[in-house]
1. Inspect all residues belonging to the range B:416-427 and state whether any of them is open to solvent by 20 Å² or more (accessible area, probe 1.4 Å), over 28 Å from B:PRO537 (Cβ atoms) and without any contact (Cβ under 8 Å) to a residue 12 or more places away in the chain.
2. Looking at B:SER257, B:SER239, B:SER214, which one is part of a loop (DSSP other than H, G, I, E, B), away from chain A (no Cβ under 12 Å) and in contact (Cβ under 8 Å) with a residue 12 or more places away in the chain?
3. Using the structure shown, decide if B:ALA387 is outside any loop (DSSP other than H, G, I, E, B) and modelled with pLDDT under 95.
4. Please enumerate the residues belonging to the range B:272-290 that are open to solvent by less than 30 Å² (accessible area, probe 1.4 Å) and out of contact with any Ser or Thr (no Cβ under 9 Å at 6 or more places or on another chain).
5. Give the residue that is most open to solvent (accessible area, probe 1.4 Å), with candidates limited to residues of the range A:20-37 that are at pLDDT below 90 and among the aliphatic types (A, V, I, L, M).
6. Give B:GLY250, B:GLY264, B:GLY293 a once-over and let me know the one that is closer than 27 Å to B:THR470 by Cβ and within 14 Å of chain A (Cβ to nearest Cβ).
7. Being in a loop (DSSP other than H, G, I, E, B), open to solvent by 20 Å² or more (accessible area, probe 1.4 Å) and more than 14 Å from every other protein chain (Cβ to nearest Cβ): is that true of B:LYS120 here?
8. Tell me whether the range B:142-151 contains one or more residues that are out of contact with any Leu (no Cβ under 8 Å at 6 or more places or on another chain), of a type in the set (Val, Ile, Thr) and over 20 Å from B:ASN283 (Cβ atoms).
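The values are calculated or read from the model by the stated rules, or taken from the named source; none is laboratory data. Nothing here was measured: the structure is a model prediction, and the numbers come from that model. Cβ: placed from backbone, ideal geometry, glycine included. Neighbour counts: every protein chain shown. For the accessible areas, the whole protein counts, side chains as well, though only heavy atoms, and no ligand, DNA or RNA atoms are used. Shrake-Rupley method; radii C 1.70, N 1.55, O 1.52, S 1.80 Å.
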Amino acid sequence: MAQTGQGLWALVLMFVLAIILGLSLVWVNIERVDSAYALKSLERTYQDKQDQHSKLLIERQYLLAPATLRERAEKAGLHSPRREQIRMIE
Amino acid sequence: MSRTAQKPPKDRSRGKIVFVGVLFALAIMGLWARAYYVQVIKGPEYAKMANRQYWVAETVSGKRGQILDRNGLLLAKTITTQSVYVRPHEMVDRWAVASQLGKILGRNPQAVAASLDPKKRFVWVDRKISDAQAQAIREENMPGVYLDAENSRQYPQGHMAGQLLGFVNVDGQGIEGLEKSFNDYLAPSSAKYIVQKDAAGNRLSSSEKGDAESFDGQDLRLTIDAQVQLALEEALARSVLKSRSKTGMGLVVDIPSGDILAWGNYPLFNPNVVKKTAGEWKNRLAVDIFEPGSTLKPIMVAAALQENICTPTTKYFCENGKWKVGGKRIKDTHDYDKLTVSEIIRYSSNIGSAKIGLALGAPALHRYFEQVGLVRPVGLPLPGESAGLVRPPGQWTQIDLANAAFGQGVGVTMLQMAEAYLCLANDGVRRPLRLTCTSEPPTGEQRVFSTEVSRSVMAMLEEVVQMDGTGTRARIDGVRVAGKTGTAQKASPTGGYGGDYIASFFAIFPADNPRYLVVMMVDEPQGGHYGGVIVAPEVRAIGVQLLTASGMLSEPKEAIVRSQSSAPKYVAAVQKYETIAVSTENMPNFSGVTVRQAVEVLVGQGIVPKISGHGVVIEKQKPLPGEKWPADKRCQLWLRQDPS
């Protein structure tokens with residue numbers, strides 16, 4: 001009788017363990033998918049920022065382009081220095 | 001009275017239990033059987049179907065590499081832009097969609113509607129639209145209208161070195177210029193990964209994908225210097241427009257390294273707007289063959305000196321300007337009698353050059369042409385580079401040899417000529433031109449002329465500019481300049497030579513310590529065709545900028561004299577302050593002080609003054625002298641032109 005009781009308890013314990021493991025597996029999977037969603041969202045944000053950074057870099061380079069600077073400088077009445085206007089500091 | 005004995009009801013519960021038990025057992029067996037069928041028999045098939053539904057292959061690719069100038073200035077970069085497409089069968093109201101898209105994209109709604117054929121499953125409406133347009137489309141949230149990210153190549157410097165850079169097609173493949181020749185180097189790589197997707201089709205992140213930036217193409221750093229490039233392009237534009245020429249091209253080379261600092265073609269070409277240009281992307285510098293004319297004479301003379309045919313002082317009779325060789329007449333611009341070899345270069349005598357060439361002979365002249373690189377492509381990584389057009393010496397007649405000696409009858413590219421001059425400027429050692437930046441010293445050098453010969457020729461080229469030669473308009477005060485003019489007649493399509501010319505000028509700055517080689521050419525100038533008149537002044541302008549920027553240009557003597565003579569006009573009799581007494585509490589008196597001194601004091605107190613009037617001396621100020629320093633950091637200074 002005692003052996004039968006122990007066997008039954010072992011069976012119940014295994015059943016409970018199996019349930020816990022099963023639920024854990026489901027929980028881990030849900031967490032994984034949630035993390036994947038969050039990660040994807042962060043990746044998208046990062047990519048958007050990267051793209052924006054690239055565009056701003058292009059814009060900055062355009063504004064700093066020698067031709068653009070010269071055009072704006074000439075509009076402001078500036079011009080390249082003449083030889084006698086240059087002093088070399090050594 | 002009889003009593004009927006009632007039988008106790010039959011206990012069927014056991015049977016019922018067994019029946020139910022059997023039913024359950026059958027049900028469980030059925031379920032097990034079904035589970036077995038689904039899991040074991042059909043399992044692999046269903047697993048495959050599920051995988052198809054939940055896993056998808058995704059291609060990850062990087063961006064095309066950047067192109068930079070030698071100082072790291074961005075010349076080309078790929079960015080992500082949005083393109084708009086429509087699935088016409090998903091649209092609810094075709095006209096409403098067309099109207100909205102037309103309004104946002106600045107297009108005719110009727111034309112948009114016409115393109116949205118309901119029978120089609122997919123229609124591109126516009127590619128590579130602006131961020132603002134993409135955002136407007138996103139906000140409209142129209143059914144059947146989608147945005148897709150695409151890569152777009154941008155050239156932030158606009159037309160700068162446009163023909164050299166080339167451009168890419170809509171798929172990002174280089175199809176012209178350096179974009180084409182370095183396509184494999186610049187192109188990004190890609191890889192396919194299996195990623196999970198949810199029921200809505202959203203793709204989930206996968207740790208296996210890694211960093212997309214690791215797939216980016218490699219960056220390409222050129223030897224081009226954007227500042228020098230701008231100077232060249234502006235000079236080229238001035239020269240072409242002033243002389244009303246068809247086209248122009250120029251090159252600036254750093255002689256010690258062979259690095260090409262500027263590469264100019266005119267008309268300019270902006271690779272950002274390829275569709276709006278008509279054939280202007282042709283890289284004439286590398287592709288077009290022209291007859292170099294007199295600019296070839298120094299190469300021929302160097303060959304003759306090297307072969308001991310003559311010395312710089314050997315005199316040749318120049319036939320008073322007209323000479324017949326093989327029945328053809330050769331002419332000079334002036335009636336020269338006897339000229340030394342140096343004078344032949346200085347005055348650019350065709351007859352004198354022809355005589356030297358005839359004495360040298362075709363095989364020797366051709367051999368030197370070969371050694372300085374005039375009969376094969378220079379070897380820069382550019383698509384379609386020409387090899388020149390110099391016939392084998394065996395095919396040359398006497399007049400061909402005479403013509404070749406002064407640069408007619410042979411076809412070369414500007415690049416080939418630049419490399420030949422680089423050899424002369426580099427003490428007779430041929431140095432390959434370089435277009436991509438490297439910290440390594442030049443390689444593949446080969447001696448062609450002795451140091452003495454190349455220096456003799458350099459001295460002759462210096463006479464062209466510094467004495468009474470044809471290139472006097474390239475003189476720069478305080479710097480010795482070497483140069484050679486070229487005015488070549490263009491071959492007529494009907495045979496012989498017509499009335500069109502190529503004017504060119506090659507210059508080396510400074511002649512005594514060659515640092516820069518500047519070459520420039522204009523095609524078919526109108527109203528004058530001499531290289532020394534049309535091109536030399538603009539080459540000089542580039543030289544001035546190069547030497548000024550590199551600190552090699554000293555202040556001209558005449559400028560010092562001028563500034564001294566005109567000094568009273570600019571020098572104000574300012575109040576002599578050793579130092580301005582600055583109190584921590586009160587404003588000093590700036591009256592009579594120079595602007596510079598006053599501003600230095602104010603900035604030291606964290607005040608940027610507002611300045612009114614003209615001149616260099618402070619007339620009055622607000623706050624007044626002795627008042628407290630302004631808490632709001634506001635201060636105004638008034639200037640006066642002349643000292644009172």
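1. Residues of the range B:416-427 open to solvent by 20 Å² or more (accessible area, probe 1.4 Å): B:426-427.
Subsequent filtering for residues that are over 28 Å from B:PRO537 (Cβ atoms) retains B:427.
Those still in the list that are without any contact (Cβ under 8 Å) to a residue 12 or more places away in the chain too: none.
No, that holds for no residue.
2. Numbers: B:SER239 fails: part of a loop (DSSP other than H, G, I, E, B); B:SER214 fails: part of a loop (DSSP other than H, G, I, E, B).
After ruling out the rest, the residue left standing is B:SER257.
3. Details: outside any loop (DSSP other than H, G, I, E, B): no; modelled with pLDDT under 95: yes.
In short, no.
4. Passing the criteria: B:THR277, B:ASN283.
5. A:VAL33
6. Numbers: B:GLY250 fails: within 14 Å of chain A (Cβ to nearest Cβ); B:GLY293 fails: within 14 Å of chain A (Cβ to nearest Cβ).
Only one candidate qualifies: B:GLY264.
7. Working: in a loop (DSSP other than H, G, I, E, B): yes; open to solvent by 20 Å² or more (accessible area, probe 1.4 Å): yes; more than 14 Å from every other protein chain (Cβ to nearest Cβ): yes.
Yes; evaluated as a whole, the condition is true for this residue.
8. no
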